[in-house]
């Protein structure tokens, strides 16, 4: 944000120092990425600079090795399934919490977002013993339900924030014209809160896609996800294929962040239009 023309010299110096500090923080955060990405194109199986040569052999191994392909498939299956469940449950919960006459609203909200507060290790251990009682360990269903529990709070928070400025008179007007509750939600409510729902779904998918601790406790070798495969690769045998997998995740995360930014701008345009 630019300073006004009447800003004093001290304000300009403070603004410049603030921008310089932000740049330093950005460089500190991005430097590991700038190191990993070039290593994924190395032609030799060791991590050295300067690179001995350029090659796509690690990407060929990443997309051609059965272990990595199965890990990507498992992450996609669990991610999309848990995202669908988390988005549905989180949106319904946010719609209920947005009602002002809901009793114990604060307590319910605290319970819903507790997976974000409790350390993941504790949650994973609790899920392991709980799922062992009902036979859900080492199954896709157990892993999907666990990821759903971890990602639902992100949907609840995002959709609740979107509903903060929602005009309830629109739904009342639609209901007064004879529209059924499902029709009101589909035609009136959902298009308005769609940016928040989609943003929550993307956060839920990223949470599931990046989760490794729960997969270590609940998944069998057949349900090994991509983060767990990377974790196992680091522990058992360090291979430059991991750098190719990391670069793939970096590009994927960048695309998701770009999508979130576009959704945020669309939401701001809709808010200004109202």
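The values are calculated or read from the model by the stated rules, or taken from the named source; none is laboratory data. Since the model is a prediction, treat every value here as computed from it, not as a measurement. We place every Cβ from the backbone using ideal geometry, glycine too, and count neighbours over all the protein chains shown.
Couple of notes before you dig in:
- Taking the criterion of being more than 16 Å from residue 144 (Cβ to Cβ) and surrounded by fewer than 15 Cβ atoms within 10 Å (Cβ to Cβ), the residues of segment 68-99 that qualify are 69, 92, 96, 99.
- Residues satisfying the stated conditions in segment 9-34, i.e. farther than 21 Å from residue 246 by Cα, modelled with pLDDT under 85 and surrounded by 10 or more Cβ atoms within 10 Å (Cβ to Cβ): 11, 12, 13, 14, 15, 16
- The residues of segment 105-144 that are out of contact with any helix residue (DSSP H, G or I) (no Cβ under 8 Å at 6 or more places or on another chain) and under 22 Å from residue 75 (Cβ atoms) amount to a single one, 141.
- For segment 155-164, the criterion of being in a helix (DSSP H, G or I), modelled with pLDDT under 80, in contact with a helix residue (DSSP H, G or I) (Cβ under 7 Å, 6 or more places away or on another chain) and surrounded by fewer than 20 Cβ atoms within 10 Å (Cβ to Cβ) is met by at least one residue.
- Here is the figure for segment 85-115: residues that are without any contact (Cβ under 8 Å) to a residue 40 or more places away in the chain and part of a helix (DSSP H, G or I) total 11.
- Pair list, Cβ under 7 Å, 6 or more apart: segment 257-274 residue surrounded by 12 or more Cβ atoms within 10 Å (Cβ to Cβ), other residue in a helix (DSSP H, G or I) and at pLDDT 70 or above: 259/202; 260/199; 260/202; 263/195; 263/198; 263/199; 266/195; 267/195
- Tally, over segment 172-225, of residues that are exposed (fewer than 14 other Cβ atoms within 10 Å of the Cβ) and either free of Cβ contacts under 8 Å to residues at least 12 places away in the same chain or part of a helix (DSSP H, G or I) (or both): 15
- Test: residue 102 is surrounded by fewer than 17 Cβ atoms within 10 Å (Cβ to Cβ), closer than 15 Å to residue 144 by Cβ and in contact with a helix residue (DSSP H, G or I) (Cβ under 9 Å, 6 or more places away or on another chain): no
- Matching residues, segment 233-247, being surrounded by 12 or more Cβ atoms within 10 Å (Cβ to Cβ) and more than 15 Å from residue 65 (Cα to Cα): 238, 246, 247
- Residues within segment 39-51 that are surrounded by 10 or more Cβ atoms within 10 Å (Cβ to Cβ) and closer than 11 Å to residue 240 by Cα, tallied: 8
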